[in-house]
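Novice: Shown below is the structure under consideration.
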Amino acid sequence: MWKLIKIELYKIFSKPRTYIGFGAIFIIIVAIEIGIKIKGDEMFSMIISNLSDKFFFEGKLINMYGVGYVILNTLWIHVPILVALVTGDLLAGEANSGTFRVLLTRPVSRIKLIISKFLAGWTYTLLLILFMMFLSGIIGLLLFGPGDMLVMTTKISIISSNDILWRFGLAYIYGFLCMTTVATLSYFLSALSDNSIGPIIGTIALIIGITIITTVGAPLLRPILPYLSQPT
């Protein structure tokens, strides 16, 4: 099984489309971090302008953790598309090129072949999330340095820098589980198609549709909205 997974990983990383995800994440993260470095103080002043008369903010509030939080909440719309771009091609691409017939002439069961492709897709997803985590952390450390993280949602939370790494770790683990759901969905659609474009577009369409439903919050769908909500 391990040999089959290595073969599938080799096939994944021998295709140019695989590196689109890594390249896109690199460009987006670098652009966000440089933008915050240049305009961060001005943006932060605008955000806390209504709170400055009630609270006194002190310390380095624009830091690697705050920027990492922004990146984490920004890329969860883009990462599913990048995951589907590869996992949606795992089965449909073989069917489209006609190589399934050649693969099945080898002494490998169909179940092992399907599972190895599935696990290879999950491995790609894990590598994409790890790349995103380390890239945002390293660039953030170089540009901003550590500090306490200020989070403003429906309430204001300040998390100490000594108590934040494990939270980011759990956030990325949860994000990986969410992305494996996307990978599984696109892999399932890939098994139903002979062309990789269909599973990729179908997965993206479902994600966009669920996002719209979650945002609008239709009353008729209120009982199932917690199951459709994205992590925050």
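Novice: Order these peptides, 105-115, 119-129, by their mean beta-carbon neighbour count within 10 angstrom, highest first.
Specialist: 119-129, 105-115
Novice: Let me ask something additional. Report the extension gain between Phe134 and Ile27 in nm, rounded to one decimal, defined as 0.36 nm multiplied by the number of residues separating them, less their alpha carbon distance.
Specialist: Result: 37.1 nm gained on full extension.
Novice: Then there is this: Is the C-alpha gyration tensor of segment 68-157 telling us rounded, prolate or oblate? Criteria: a/c under 1.5 is rounded; beyond that, a/b larger than b/c is prolate, otherwise oblate.
Specialist: Numbers: a/c = 3.72, a/b = 3.05, b/c = 1.22.
Prolate shape, in that a/c is at least 1.5 and a/b is the bigger ratio.
Novice: Find out how many positive minus negative residues lie around Gly198, taking Lys and Arg as positive, Asp and Glu as negative, among other residues whose Cβ is under 15 Å from that of Gly198.
Specialist: With Lys, Arg at +1 and Asp, Glu at -1, the net is -3.
Novice: Could you pull out every residue, at least 5 positions away or on a different chain, whose amide H is within less than 5 Å of the one on Gly145? Hs are placed 1.01 Å off N in the peptide plane, and Pro or chain starts have none.
Specialist: It is Met64, by chain and number.
Novice: Given a Förster radius of 30 Å and the C-beta distance between Val108 and Leu192 as r, what FRET efficiency does 1/(1 + (r/R0)^6) yield to the nearest 0.05?
Specialist: Efficiency, from the Cβ-Cβ distance: 0.85.
Novice: Separate question: In segment 90-140, how does Rg compare with the Kirkwood Rh, expressed as the Rg/Rh ratio over alpha carbon atoms?
Specialist: With Rh from the inverse mean 1/r over Cα pairs, Rg/Rh is 1.23.
Novice: Here's something else I'd like to know. Near Lys6, within a Cβ-to-Cβ distance under 14 Å, what is the net charge of the other residues, with Lys and Arg +1 and Asp and Glu -1? Before the final figure, lay out each step's value.
Specialist: Working: positive: Lys3, Lys11, Lys112, Lys117; negative: Glu8.
Summing Lys/Arg as +1 and Asp/Glu as -1 gives +3.
Novice: Let me ask something else. Give the calculated FRET efficiency between Ser161 and Thr123 to the nearest 0.05, with a Förster radius of 41 Å applied to their Cβ-Cβ distance. Could the numbers behind the result be given before it?
Specialist: On the way: r = 32 Å, r/R0 = 0.78.
For R0 = 41 Å, the calculated efficiency reads 0.80.
Just so you know, all these numbers are worked out from the coordinates, no wet-lab data involved. For clarity, every value in this text was computed on a predicted model and none was experimentally measured. Methodologically, a virtual Cβ is constructed for each residue, glycine included, from the backbone with ideal geometry; neighbour enumeration extends over all protein chains shown.
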